[in-house]
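The values are calculated or read from the model by the stated rules, or taken from the named source; none is laboratory data. All figures in this text were calculated on a predicted structure; none of them were measured in a lab. Because the Cβ atoms are built from the backbone with ideal geometry, glycine has one as well, and the counts that use them run over all protein chains shown.
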Amino acid sequence: MTENTRASVKDQINQLISHLKLENPELLGVVRSFRSLDRVAYKLGLLDRTESYATKIPWWPLISVLGTYSSGKSTFINQLLGQPLQKTGNQAVDDKFTVICYGPENIPRVLPGIALDSDPRFPLYKISREIDKALEGEGERLDSYLQLKTCNSEKLRGKIIIDSPGFDADAQRTSTLRITDHIIDISDLVLVFFDARHPEPGAMRDTLDYLVSGTLKRSDFNKFMHILNQIDNAAREDNPEEVVAAWQRALAQKGLTAGRFYRIYDPVAAVPIENPHLRQRFEAKREQDVGEILHRIGELEVERSYRVVGKLEQTARNIREQFVPQLKSARQSWRRRVFWHDAIAFGTVIVLLLVITGALGHWEGLRFQPPWLDTVMESPLLLWGGLIVIALAALQLHRFLRKRAAAKVLRKMREDRALAEDAESVANAFEMNVRSWWPFVFTTPRGWNMWSRRRLDAVLSESHRAIKELNDRYTDPSGRRLTPTSEEESSEAQSSERRDAETEPEGPVRRILAGNRYRGAKPESRSHSTGG
């Protein structure tokens with residue numbers, strides 16, 4: 001690894017820390033804990049030296065908006081922001097993923113995809129690599145996939161929104177689907193929009209498969225909200241409930257039987273509803289569902305703290321409980337294959353030599369007596385030279401067999417569905433193990449030792465303590481704690497800041513509560529720069 005590479009990673013982390021000091025100072029300690037995980041992952045080979053776990057997650061609440069063409073995604077975003085930032089229309093008006101963040105200027109700016117790909121503070125950092133994996137060379141055409149927009153809306157402070165192009169699974173390129181998968185993975189809230197004007201959802205089987213069926217088995221399924229937009233068009237039907245029922249049946253066929261989906265429409269562009277009772281019912285339902293969506297968005301500030309600490313804990317657990325056992329198992333399988341390959345190869349060579357030398361008449365009973373043997377035995381130079389040549393040939397054969405055995409194990413690891421998106425990093429770690437000087441007879445992976453275990457235990461301990469303190473902040477099962485008044489909150493926050501300035505925190509992750517404990521101001525009221 002070159003010094004430039006070390007400086008690049010360090011600069012990225014310092015840039016993130018500098019921004020968090022202004023935006024989210026409570027998360028500064030978490031960055032240091034992620035760096036502890038980086039050091040363990042570097043030793044194991046799970047992480048490239050040009051990467052950091054701290055740059056693999058978004059540090060601000062992230063809302064992604066997915067859906068079919070002309071399902072009202074952009075209109076909803078404009079309503080949420082209170083200004084017409086995104087283009088709207090009945091046809092597809094944007095074929096790029098648009099990352100929207102706060103900007104101080106009154107005039108929105110559109111920035112190229114490299115603004116996202118090269119900045120670790122934003123989601124989609126280094127996404128060009130993922131695009132290249134899907135289709136080689138497409139990463140150079142980043143601007144055809146991504147753009148960054150700034151918006152001077154107070155409702156956007158401290159949050160990031162990603163507006164996706166209209167989804168049509170049949171027409172999407174592999175690279176676009178890979179970006180969509182990545183966005184879903186890193187989002188705190190995923191709003192999935194469907195167009196109520198098309199009451200034959202069965203015609204969109206592939207879209208439903210991807211946006212519904214593909215998400216049901218996820219552990220974070222609760223972050224998805226399925227929204228039936230432009231439901232005002234159903235008021236024209238003799239039985240408007242049938243439109244909703246048709247969508248419910250379609251979603252149920254894809255496995256979405258629990259929960260519900262939300263019914264909304266744009267009141268400005270709504271179809272006039274002549275029947276006053278029907279209009280009142282539609283408006284009341286819209287107000288209720290929009291209110292729930294906005295409430296969920298408002299709660300993301302709290303969910304973000306849990307998500308970041310949860311990601312820290314999950315990464316540490318994955319290394320200890322999943323990746324290291326996988327590497328141990330892979331090394332054992334590799335060693336068995338190498339032993340068998342060596343036995344077969346060297347056994348075959350010995351048998352061939354016996355057959356050939358026997359055919360040449362070099363054996364007298366059980367005694368090997370070729371004509372040149374006496375000459376070799378009388379010359380130490382020839383004897384040792386021959387032994388060295390034989391040893392080198394045997395070593396080269398063994399190295400070749402090691403590579404062959406490793407290739408089979410690597411192929412199996414990369415196809416392991418249990419590892420999912422981590423399969424490549426674990427495979428790279430295994431490849432480093434079999435290429436390195438690490439002794440062949442050891443089953444323990446290179447880099448896994450008492451130092452690594454203690455460091456992971458320390459990170460897990462800090463993450464557990466941070467979760468407990470977050471729970472103490474937001475819950476009170478006994479009901480004994482009195483709700484502090486605004487003045488008490490402000491006083492407590494100031495006292496806490498003074499205590500933090502005078503004493504050092506017990507652990508790096510505990511800094512997460514520096515900004516959450518009795519927060520006196522809403523996220524929107526903090527000073528923000530263009531980045532967040």
Problem set entry | Restricting the stretch 312-344 to residues that are modelled with pLDDT of 85 or more and over 22 Å from ASP416 (Cα atoms), the residue that is surrounded by the most Cβ atoms within 10 Å (Cβ to Cβ) | LEU312
For this session: Would you confirm whether any residue within the stretch 42-59 is hydrophobic (A, V, I, L, M, F, W, C), in a helix (DSSP H, G or I) and farther than 30 Å from ILE264 by Cα?
Result: yes
Problem set entry | Residues located in the stretch 97-116, provided they are surrounded by fewer than 17 Cβ atoms within 10 Å (Cβ to Cβ) and in contact with a helix residue (DSSP H, G or I) (Cβ under 8 Å, 6 or more places away or on another chain) | PRO112, ILE114
Problem set entry | Filtered residues of the stretch 77-112 (kept if in contact with a Phe, Trp or Tyr (Cβ under 7 Å, 6 or more places away or on another chain) and at pLDDT below 85) | ALA92, LYS96
Exercise. With respect to LEU46, is the statement that it is at pLDDT below 75, under 26 Å from SER452 (Cα atoms) and buried (at least 23 other Cβ atoms within 10 Å of the Cβ) true?
Worked result: no
